[in-house]
């Protein structure tokens, strides 16, 4: 079955959610929103789904453009302010959050604050939302809809969201051993972090994408294993589900 | 109980002063107190210090209109319509001071303000450059566990403005949708303006006390502003108007275009 890369990315993000997980989706997070709904309606019926509409386990008939929008309250079972989802996170009971970034470096550090000098920026970016807070103690999955060398840089000029900082055991030495980025899911491939050096490593390339494509679009040296499999595509049932709850193509807004 | 029903003009004139720390309710393009934002711009308030978590057109308009000198925020963005143009321009030109947070610090700063404590410990931030540059978030060691944490300063807003669904004339407020930080803001600020879709009889409040999110004694003024969150959404009442926000995003790319938007949607409609 033909599918769009957004549908593949949604399916990949959904697969990061295990049954029973408690997962938070943030603002301007269209693909994570669809991934959470997909997981909950398929392989993870017992996950708890929190989001920026401040509701628990919504199941809308149609997803909104704003991922905090009123439509995302539909069929929910409770309102819960984000403050209290964060309390859960601090208690170690939140499993995962999906976070975006303007730039990501080889150790999974993300920048959403500035390009150029912090106090005299060339570009003032929007700010990292939950990043500087949750990346300090939570497991995260980073999603990047446009994989290119401007996004994947050797070293971010400003660490908004903590990855593995300088790699190796930097997090442990800073006293933030828990958490860190688990995966990076892009329009070209899936990546994770090599356990010892904490350098970003290629896991799989999407159908139709070569290892060379990924290398050429990454501004640092990725760890490339000897065998790089092709990413498993979304199932026809998954694709049908996504199209059914997203008739307005909310999933495409990050690709424009 | 004192009657607190007033006009928007009076509420903004009497309760928002130049230089105030001002917290605004809502998130992104949802349930932001936009009628109040437009009135603040019309009255030409100056040197406001805005406080909010993930904000969009509300903060950007106030910044562009020259009402703001400082912003405490976790994110200011127009989401898929792009970077917030005035926020970006004023920050790049050094015309506003930024107090950059993450959601977890700004929310807990508002909570600490509501609790009457000067600061509050939170997790995270260690290893982030946000912490390195912050004057309101500082590293500290828990004296009980030895754990490395940060303390977030209570920002103590002078005024909070919230757009809610229903209230009576005394300021008993029903919040019938996503709560966000609105209730904490009302409890944190010295003065609280609540704009509402509907004014309801006091008896209706007493029949449904479980719906009272903010009781009267927190509230300074109640203003009846139907569609007062427009062009942002208001739960089951109305959705956001993305055409208007898109028009804003396009016009506000230049200072001239921004003035055109203000002329059309802020100064014409008064």
Out of B:149, B:175, report the one residue that is within 12 Å of chain A (Cβ to nearest Cβ) and either within 20 Å of residue B:32 (Cα to Cα) or surrounded by fewer than 18 Cβ atoms within 10 Å (Cβ to Cβ) (or both). B:175
Residue hits (region A:36-67; part of a helix (DSSP H, G or I), buried (at least 23 other Cβ atoms within 10 Å of the Cβ) and either within 14 Å of chain B (Cβ to nearest Cβ) or in contact (Cβ under 8 Å) with a residue 60 or more places away in the chain (or both)) are A:37, A:38
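Considering A:160, A:140, which residue is within 14 Å of another protein chain (Cβ to nearest Cβ), under 24 Å from residue A:229 (Cβ atoms) and in contact with a helix residue (DSSP H, G or I) (Cβ under 8 Å, 6 or more places away or on another chain)?
The unique qualifying residue is A:140.
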Tally the residues that are crowded, with 24+ Cβ neighbours inside 10 Å and in a loop (DSSP other than H, G, I, E, B), restricting the search to region A:1-35. 5
Single unsatisfied condition, residue A:101 versus (1) more than 9 Å from chain B (Cβ to nearest Cβ); (2) crowded, with 24+ Cβ neighbours inside 10 Å; (3) assigned to a helix (DSSP H, G or I): (3)
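So, restricting to strands (runs of 3 or more DSSP E) that lie completely within region A:142-256, which ones have at least 1 residues that are modelled with pLDDT of 95 or more and under 30 Å from residue B:142 (Cα atoms)? Before you say what the answer is, go through the steps one by one.
Details: elements: A:180-186, A:189-193, A:200-205.
Hits in region A:142-256: A:180-186.
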Look through region A:79-98, keep the residues that are away from chain B (no Cβ under 11 Å) and part of a strand (DSSP E or B), and return whichever of them is nearest to residue A:123 (Cα to Cα). A:98
Tell me, yes or no, whether region A:74-88 has at least one residue that is in contact (Cβ under 8 Å) with a residue 24 or more places away in the chain, at negative phi and within 14 Å of the chain's Cα centre (by Cα). no
Considering region B:1-25 alone, what residues qualify as being assigned to a loop (DSSP other than H, G, I, E, B) and under 15 Å from residue B:159 (Cα atoms)? B:16, B:17, B:18, B:19, B:20, B:25
In this structure, is residue B:44 touching a residue at least 60 places away in the same chain (Cβ under 8 Å) and assigned by TED's automatic domain parsing to the domain that holds residue B:161? no
Would you mention how many residues in region A:108-123 are within 11 Å of another protein chain (Cβ to nearest Cβ) and either assigned to a loop (DSSP other than H, G, I, E, B) or out of contact with any strand residue (DSSP E or B) (no Cβ under 6 Å at 6 or more places or on another chain) (or both)? 7
Which condition number does residue A:120 fail, the rest of (1) free of Cβ contacts under 8 Å to residues at least 60 places away in the same chain; (2) under 20 Å from residue A:28 (Cβ atoms) being met? (2)
Conditions first: (1) farther than 29 Å from residue A:27 by Cβ; (2) touching a residue at least 40 places away in the same chain (Cβ under 8 Å). Residue A:210 passes all but one, so which condition is the exception? (2)
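Here's the yes/no breakdown for (1) surrounded by 20 or more Cβ atoms within 10 Å (Cβ to Cβ); (2) more than 14 Å from chain B (Cβ to nearest Cβ); (3) farther than 19 Å from residue A:10 by Cβ:
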site	(1), (2), (3)
A:126	yes, no, yes
A:136	yes, no, yes
A:178	no, no, yes
A:211	no, yes, yes
A:219	no, yes, yes
A:226	no, yes, yes
Working only within region B:173-191, note down all residues that are over 24 Å from residue B:17 (Cα atoms) and in contact with a helix residue (DSSP H, G or I) (Cβ under 6 Å, 6 or more places away or on another chain). B:174
Looking at residue B:203 and the list (1) surrounded by fewer than 24 Cβ atoms within 10 Å (Cβ to Cβ); (2) touching a helix residue (DSSP H, G or I) at 6+ places or on another chain (Cβ under 9 Å), which single condition is not satisfied? (2)
Residue hits (region B:225-241; touching a residue at least 60 places away in the same chain (Cβ under 8 Å), within 13 Å of another protein chain (Cβ to nearest Cβ) and within 12 Å of residue B:29 (Cα to Cα)) are B:229, B:231, B:232, B:233, B:234, B:235, B:240
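The values are calculated or read from the model by the stated rules, or taken from the named source; none is laboratory data. Quick caveat: nothing in here was measured; it's all calculated off a predicted structure. Positions of Cβ are backbone-derived with ideal geometry, glycine not excepted, and every protein chain shown enters the neighbour counts.
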